[in-house]
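Asker: Okay, handing you the structure first.
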Number of protein chains: 2
Amino acid sequence: MISNIETDRWIMMGLIGFAVGLLGFILHQIIERISVLKWSTTKEYLDEGKVSVGWMFCSAYSMAFAVFAAAVIVLWKPSAGGSGLPEVTAFLNGTHVNNIFNLKTLVAKFISCTAAIGCGMPIGPEGPMIHMGAIMGAGLSQGTSDLFNFKLPFFERFRNPEDRRNFISAGVAAGVAAAFGAPVGGLLFCMEEVSSFWSNTLSWQIFFCCIIATSTSDLFNSSFQEFKSIGSFGAFQTSRYILFNVYDAVDINILMFIPSAILGVLGGLLGSAFTILYLKMTRLRKRCLASISSPRLVQFIRLAEPALVMIVMSSFSIFLPMAFKCINYTCMPSDSNTVSEFCVNDTTNKYDSQLREKEETFHTCDTGTNYMNGTTLFSNSTYNELALLLFSSKDEAMKNLYLRNSHRMFNYGPLFVSLIIYFFMVIWAAGTSVAAGILVPMLVIGALYGRILGLVIVDMFGVHLDESYWSWMDPGAFALIGSASFFAGVARLAPAITSIMMELTNDLKVLLPVMTAVVVAKWVGDYFTHPFFHALLELQCIPFLNQQPNVRIDKKNVQLELFSAADIMAFPVVTVNLVEHVPTLAQKLLDNTHNGFPVLRELPDGNCVFHGLITRSELMVMLENKDIFKPGPFTPLDDRSLDIAPIGYDCMVRGPQEKEEIHEMFLEQFVDRDSPFWNHYVDMTPYFNISAMSISCNFSLHRAYTLISALGLRHLTVVDDSNQVQGMITRKDLMGFHMVDTLGSIMETRSYFR
Amino acid sequence: MISNIETDRWIMMGLIGFAVGLLGFILHQIIERISVLKWSTTKEYLDEGKVSVGWMFCSAYSMAFAVFAAAVIVLWKPSAGGSGLPEVTAFLNGTHVNNIFNLKTLVAKFISCTAAIGCGMPIGPEGPMIHMGAIMGAGLSQGTSDLFNFKLPFFERFRNPEDRRNFISAGVAAGVAAAFGAPVGGLLFCMEEVSSFWSNTLSWQIFFCCIIATSTSDLFNSSFQEFKSIGSFGAFQTSRYILFNVYDAVDINILMFIPSAILGVLGGLLGSAFTILYLKMTRLRKRCLASISSPRLVQFIRLAEPALVMIVMSSFSIFLPMAFKCINYTCMPSDSNTVSEFCVNDTTNKYDSQLREKEETFHTCDTGTNYMNGTTLFSNSTYNELALLLFSSKDEAMKNLYLRNSHRMFNYGPLFVSLIIYFFMVIWAAGTSVAAGILVPMLVIGALYGRILGLVIVDMFGVHLDESYWSWMDPGAFALIGSASFFAGVARLAPAITSIMMELTNDLKVLLPVMTAVVVAKWVGDYFTHPFFHALLELQCIPFLNQQPNVRIDKKNVQLELFSAADIMAFPVVTVNLVEHVPTLAQKLLDNTHNGFPVLRELPDGNCVFHGLITRSELMVMLENKDIFKPGPFTPLDDRSLDIAPIGYDCMVRGPQEKEEIHEMFLEQFVDRDSPFWNHYVDMTPYFNISAMSISCNFSLHRAYTLISALGLRHLTVVDDSNQVQGMITRKDLMGFHMVDTLGSIMETRSYFR
């Protein structure tokens, strides 16, 4: 039976899903609006032959939005920059990151992201959607806002760390689910990449949240285009709710695993190169900006950079296609390999819908006319290959790349040119001061080299359109596998990527080759560098604790079983007594910035032993409630029953009321000799955490690590055999670089003595 | 970079995947062979008008196989009975179950499962495939066999509990992947249902194992039918590698969520009813068999029961369809709702392939002739609705039920009749003494009531064949959603069921309604009863530890935070000293059956404090190595360096060499006063587990539970503030019924004193 609070949690999950889904819908529609206006207007100028006017319009339009997108971040909310994914991951791992979950960040992120993507920057909305989803999860569930200064009483029940964490996880999953229309993918992405703590109950609730998010965003996106109703509200239309829907999926063949593995290798290589170049680029940018003394100039550069990106991109989009010829639509009859005029069979209608959609992308080529001959549609229209890839939104390019039975639609030239442009422009653009993700651009890059490999295979073995043994040699299918391989080479996720690719394309038949490419890309990628998002965590100096320790000294993995907890622990430890003298306590809080303090209890034999743990925040609350002080030393309470605790549980959880800036001033009033509390004591019995873990000095370091990461501990007290406190291990002590230093010197000493 | 042993692990994962895939292929082919022979021969008799001969053949054939399937279990290997899933789950949770991973069990399971399913029992091969996969994972990775009495040296590296557990998990996942052709589904099923411990590395390796397993079984199944090559080896054929492939998937509509939720409710209700009835039936059978004194008679009954099932099933299959009329193939033209002759458009060919496949299932009806009229194919052939569901293998029935654009293919009568037959026959058959799973039968049951609801909707709102707003009202789609709902109502899995359903049917468009039905079925089902597989664990008295505690007293959840570790711990504890007197040690081992003993160390002040833990198996090994005994008391070693341990690590891990039956005799030699070891002592310093956890008496019971389940501990020592052992918590102390007893009496005492 479901208890009351459980029901409330489910309702809240549904609410978060709905809100994130709606946000995804609005985001999508605004981006579509901005994007369509840009390309259609530019196309009009080109049709009129005014190429330079078209370029000027295109550049100015894009620049305006790009500068606006950067301005929101640079001048207003810097915390909304980037994708936000590393920060959310770090938070869910147990690290406090300032300012990432407030309403202003959400608004800034939304504005910056829509403007930047709408104007055509080579970035994607998925990272920001994840961050926005997380903010919604945090905001909705807590029912509190510093900005509007309110706290709703109903949400009191969710104001604890665990529920907050769970709702944020749900928001993350809903973000992916709404952005990709991939509910299962969202769930798995959250589980595999973002979340550090997981349970079956949470899995179900997030599952539900993802259903609602995807349904909401798909439903509205199916019914509206640029906010205008396109009729039949309620019906989900394939082309609108499956982002890159594949028609005419081909059956696979065992031979297909060979090119899939090759794509996996390429994915691992290019993915690592992407990660390394991105990090180099970001460090270079940081150094350059740091070397400039004038803050005005720094701001200007940060605003100008996206504008520059857009000028370059606009020039590429408009002038580069002109270097390529307009070519006829071609179609391979199944019985021969000759290239004929573009032919569309009226009954199967394979290309019909795509043809209509593509009208905007003819660039400067002649659209020609269509005519019927019997049941067959012929067309003498021409198209520009590169324009199909560059002179349109990324989504359109993706659909074209994934198109089946279109073996020679793109040739090597345009594919290579776009691959190089996308690869480097994404690295450049994603690091600029706008809210930007890289998931969709990654798919484009992968699809480009996937299609190149497909074309190589077609050139080697010919075109096979009939449903024969060789129909698997379809460049469109390899484009899809290529996307998965690059995604995997960069992000190193397994079931999440597979699910997302399937849900994006509705092509389940290609599942096994996709999985093969993913696992090969992971192998190759792991050989060269970290996963992208983990590299970002390191770049931002976030103390992220991996599930498994990974300490490498002299290029060898260090076996942590050979070390003990005492080797890595920090000491001496600042401890507090069960009944503590108020000024001494205040002085201890002033003297250091520790967050957890072991509580000691005096045994009859005079030894002071470990008894529990209390946090700085709890101690602050106790000091704020001066009525619990009592003069003179006294014996602690015997009973821990909550009925008799003078400070309520909710006060304790809420934390100190004083602002953090004045904590020092607040504490100093107690250490003053003239303070009225000079002889007062405070009893911690009702408040400290009696279930704090402790381990012995000899405890294996490997197991200590597992303990901290599996249970999400922040403090682990190390005691000796008689239970006296010897040291403390926190997550900072377990960071890679710190372990390498400490254990390295221990190893040197050990080998010295041997 | 991947270290050496890591590479070996990947290779082993691939090997397990290949072996399980091959096994799945062979299983599938044999079942197909047995099944096709049965139905085609019976059909021949029916065609000749010899109905009673047909019935006799069908019954005798089925009975022979059913008795054979049961005989393998009853007379040879009882451990191979049932699905094996609960036992594997229990093992991975940390419970030792005898005999489940040996080669004979594998052979028995394989024979029993193929015979029983081939002859048409209403059971599925998936449960047994999971168990067989697990056995392969365990067997291949350990490279050892008691039966053939060998141990391969290469596999030494994998002979530790963690690797063994991981390879078994991989085998489980590969089993699902091979049985359903669902690699992602297999991975998620293993993660959600079977495995208790999971890591990202394991996830990747299982992902790889699943690719290999699915590729292998799909590849061979695509190329062979009943072990005869069907040409084009290497090409994966949709109809052979996607079990219930759906053609012409329909776009969904927001209104579709209403019937999906209704199906969810039905799934929860019927799923709970199924679970409860199955348990009742199993208990009844146990009681009946227990009341019979003659073991011969018990064996006979256990052999006769499957035979009886098959007689009943054969009668239903042959005679029941005769009670229904042969009806014309019907087809709704899109412009009207009138029923016309069966028409097939030659260019779209929607029914063509299905029509050909169905020829065997016309039962006693006239197959008629097909004729062309222009581009339209007409046919005056008739078919028997019930025969399509009962007079064929379950797989054929499923394909028919999932068929799209076949609105009135089945009417209420046949659907209701088959639903009732399947529902009760599955409950009966799955509990008999054969190796049987229930996954595919569950899908059939769900598809039947799903199709009934679809028919109700069609009757209310008419047939909509054109791709309009109303095309979602397709009974075939609701059959699919129904399957998912029943699956979820019984098994309560989220992403696993969703993935399996998608991979089984290749219909991604219906994803959101499927997810809705799954989550609603879970809600409704949870209200009534446990998930099926957890109920089975309870039925078999396996001490399975859930991730989250769930203790209910007087229909209320008990908040474990209000209790302490001391409330539930077992005491007094049998402890051993760091240097122990050999006869005393042997006596301790003889006096109890505990598996873990806290090791005490004497402090300078004379207190004996907790210092670590040693297991019975380790103590046995120490006693077997008599050369480590030393006379007289002495001080323990100071250094724990492994170099100086006289017994090697591998000996310790391998466990005692003496057989378990003679342990008592072995130990008694030491307690004899005349034993040469009477004054000898043994030093445990190099061998005990120094990293054993301990918690204080006041530690919260909830956190103690989390600690044990999250870290998979078997023993948790409870100590007081001065680190002296007070008690011990093992998983048996945390079982639901035990907690209810202990905490219930504590609660009574507490309320008495208030």
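The values are calculated or read from the model by the stated rules, or taken from the named source; none is laboratory data. The structure presented is a predicted model; accordingly, all values stated were derived computationally and were not measured. Ideal geometry is used to build each Cβ from the backbone, glycine not excepted, and the neighbour counts take in all protein chains shown.
Asker: May I ask you to verify whether B:E624 is within 21 Å of B:P676 (Cβ to Cβ) and either among the β-branched types (V, I, T) or without any contact (Cβ under 8 Å) to a residue 60 or more places away in the chain (or both)?
Answerer: yes
Asker: Go through the range A:40-56 residue by residue and tally those that are of a type in the set (D, E, K, R), farther than 16 Å from A:P321 by Cβ and not in a loop (DSSP other than H, G, I, E, B).
Answerer: Looking only at that region, the number is 1.
Asker: If you don't mind, another one. Looking at A:V456, A:V463, which is the one that is more than 9 Å from chain B (Cβ to nearest Cβ), within 15 Å of A:D248 (Cβ to Cβ) and out of contact with any helix residue (DSSP H, G or I) (no Cβ under 8 Å at 6 or more places or on another chain)? Please lay out each step first, then the result.
Answerer: Working: A:V456 fails: within 15 Å of A:D248 (Cβ to Cβ).
It is A:V463.
Asker: Report, by residue number, each residue of the range A:210-224 that is among the β-branched types (V, I, T) and either over 17 Å from B:N253 (Cα atoms) or more than 8 Å from every other protein chain (Cβ to nearest Cβ) (or both).
Answerer: Those that are among the β-branched types (V, I, T) and either over 17 Å from B:N253 (Cα atoms) or more than 8 Å from every other protein chain (Cβ to nearest Cβ) (or both): A:I212, A:T216.
Asker: Restricting attention to the range A:50-65, which residues are over 19 Å from A:T114 (Cβ atoms) and either touching a residue at least 24 places away in the same chain (Cβ under 8 Å) or polar (S, T, N, Q) (or both)?
Answerer: A:V51, A:S52, A:G54, A:W55, A:S59
Asker: Six or more apart or on different chains, Cβ atoms under 6 Å: show the pairs whose first residue is in the range B:675-696 and within 9 Å of chain A (Cβ to nearest Cβ) and closer than 30 Å to B:L711 by Cα and whose second is part of a strand (DSSP E or B) and of a type in the set (S, T, Y).
Answerer: Note: pairs meeting the criteria are B:S691/A:S700; B:S694/B:T717.
Asker: Regarding the range A:13-28, can at least one residue be identified that is closer than 30 Å to B:R552 by Cβ, within 14 Å of chain B (Cβ to nearest Cβ) and without any contact (Cβ under 8 Å) to a residue 40 or more places away in the chain?
Answerer: Taking every residue of the range A:13-28 in turn, none turns out to be closer than 30 Å to B:R552 by Cβ, within 14 Å of chain B (Cβ to nearest Cβ) and without any contact (Cβ under 8 Å) to a residue 40 or more places away in the chain.
Asker: Still on this structure, I have one more. Taking the range B:409-440 on its own, how many of its residues are of a type outside the set (G, A, S) and more than 19 Å from the chain's Cα centre (by Cα)?
Answerer: Here the count works out to 15.
Asker: Looking at (1) within 42 Å of the chain's Cα centre (by Cα); (2) in a loop (DSSP other than H, G, I, E, B); (3) not hydroxyl-bearing (S, T, Y), find the lone condition where B:G606 falls short.
Answerer: For B:G606, the exception is condition (1).
Asker: Moving to a separate point now. Specify which of the listed residues (B:F189, B:F197, B:F207) is under 16 Å from B:I168 (Cα atoms), within 7 Å of another protein chain (Cβ to nearest Cβ), of a type in the set (F, W, Y) and under 20 Å from the mean Cα position of the chain (by Cα).
Answerer: On the way: B:F189 fails: within 7 Å of another protein chain (Cβ to nearest Cβ); B:F197 fails: within 7 Å of another protein chain (Cβ to nearest Cβ).
Result: B:F207 is the single residue among B:F189, B:F197, B:F207 that is under 16 Å from B:I168 (Cα atoms), within 7 Å of another protein chain (Cβ to nearest Cβ), of a type in the set (F, W, Y) and under 20 Å from the mean Cα position of the chain (by Cα).
Asker: Across the range B:582-605, what is the number of residues that are within 14 Å of another protein chain (Cβ to nearest Cβ), among the hydrophobic types (A, V, I, L, M, F, W, C) and in contact (Cβ under 8 Å) with a residue 60 or more places away in the chain?
Answerer: Adding up the residues that qualify gives 2.
Asker: Taking the options A:L443, A:L511, name whichever one is in a helix (DSSP H, G or I), crowded, with 22+ Cβ neighbours inside 10 Å, within 20 Å of the chain's Cα centre (by Cα) and not small (G, A, S).
Answerer: The conditions single out A:L443.
Asker: I'd like to verify a number: residues in the range B:9-26 that are within 13 Å of B:V172 (Cβ to Cβ) and of a type in the set (V, I, T), how many?
Answerer: 2
Asker: Can you tell me which residue is surrounded by the most Cβ atoms within 10 Å (Cβ to Cβ) among those in the range A:243-256 that are more than 7 Å from chain B (Cβ to nearest Cβ) and either in a loop (DSSP other than H, G, I, E, B) or hydroxyl-bearing (S, T, Y) (or both)?
Answerer: Selected residue: A:F244.
Asker: Being outside any helix (DSSP H, G or I) and touching a residue at least 60 places away in the same chain (Cβ under 8 Å) is the filter here, so list the residues in the range A:474-494 that pass it.
Answerer: In the first step, residues of the range A:474-494 are kept if they are outside any helix (DSSP H, G or I); the result is A:474, A:492-494.
Those that are outside any helix (DSSP H, G or I) and touching a residue at least 60 places away in the same chain (Cβ under 8 Å): A:D474, A:L493, A:A494.
Asker: I'm checking my understanding of the structure. Among residues of the range B:547-576 that are crowded, with 20+ Cβ neighbours inside 10 Å and not in a loop (DSSP other than H, G, I, E, B), which one is modelled with the lowest pLDDT?
Answerer: Across the range B:547-576, the extreme among qualifying residues is B:L560.
Asker: May I ask you to list the residues in the range A:33-66 that are among the charged types (D, E, K, R) and at pLDDT 90 or above?
Answerer: A:R33, A:K38
Asker: Next question, about the same structure. If you scan the range A:231-279, which residues turn out to be polar (S, T, N, Q) and within 22 Å of B:P513 (Cβ to Cβ)?
Answerer: We begin by selecting, within the range A:231-279, every residue polar (S, T, N, Q); these are A:232, A:237-239, A:245, A:253, A:260, A:272, A:275.
Once the filter is applied, which keeps residues that are polar (S, T, N, Q) and within 22 Å of B:P513 (Cβ to Cβ), the range A:231-279 yields A:S232, A:Q237, A:T238, A:S239, A:N245.
Asker: Of the residues B:S222, B:S141, only one is surrounded by 20 or more Cβ atoms within 10 Å (Cβ to Cβ) and at pLDDT below 85; which? Step through it out loud before you land on a result.
Answerer: Working: B:S222 fails: at pLDDT below 85.
Only one candidate passes the filter, namely B:S141.
Asker: Determine, yes or no, whether A:E538 is assigned to a helix (DSSP H, G or I), among the charged types (D, E, K, R), away from chain B (no Cβ under 11 Å) and within 20 Å of the chain's Cα centre (by Cα).
Answerer: yes
Asker: For the range B:700-736: of the residues being of a type in the set (A, V, I, L, M, F, W, C) and part of a helix (DSSP H, G or I), which is farthest from the other protein chains (Cβ to nearest Cβ)?
Answerer: Looking at residues that are of a type in the set (A, V, I, L, M, F, W, C) and part of a helix (DSSP H, G or I), I get B:L734.
Asker: Pairs only if they're at least six apart or on different chains, beta carbon under 7 angstrom, first in the range B:383-401 and in a loop (DSSP other than H, G, I, E, B), second acidic (D, E); list them, first residue then second.
Answerer: Cβ pairs passing all conditions: B:S392/B:E360.
Asker: I've got another one for you. Could you tell me which residue of the range A:651-699 is surrounded by the most Cβ atoms within 10 Å (Cβ to Cβ), considering only residues that are of a type in the set (D, E) and not in a strand (DSSP E or B)?
Answerer: Looking at the filtered set, the residue picked out is A:E658.
Asker: Go through (1) at pLDDT 85 or above; (2) more than 11 Å from chain A (Cβ to nearest Cβ); (3) surrounded by fewer than 18 Cβ atoms within 10 Å (Cβ to Cβ) and name the single condition B:Y527 misses.
Answerer: Of the numbered conditions (1) at pLDDT 85 or above; (2) more than 11 Å from chain A (Cβ to nearest Cβ); (3) surrounded by fewer than 18 Cβ atoms within 10 Å (Cβ to Cβ), the odd one out for B:Y527 is (2).
Asker: Also, I was wondering about something else. Considering only residues that are out of contact with any Asp or Glu (no Cβ under 7 Å at 6 or more places or on another chain) and at the interface with chain B (Cβ under 7 Å from one of its Cβ atoms), look in the range A:225-241 and name the one that is modelled with the lowest pLDDT.
Answerer: Of everything passing the filter in the range A:225-241, A:S232 is modelled with the lowest pLDDT.
Asker: On to the next question. Which residue is nearest to A:Q724 (Cα to Cα), if the candidates are limited to the range A:552-600 and must be under 34 Å from the mean Cα position of the chain (by Cα) and charged (D, E, K, R)?
Answerer: In this case the residue turns out to be A:E561.
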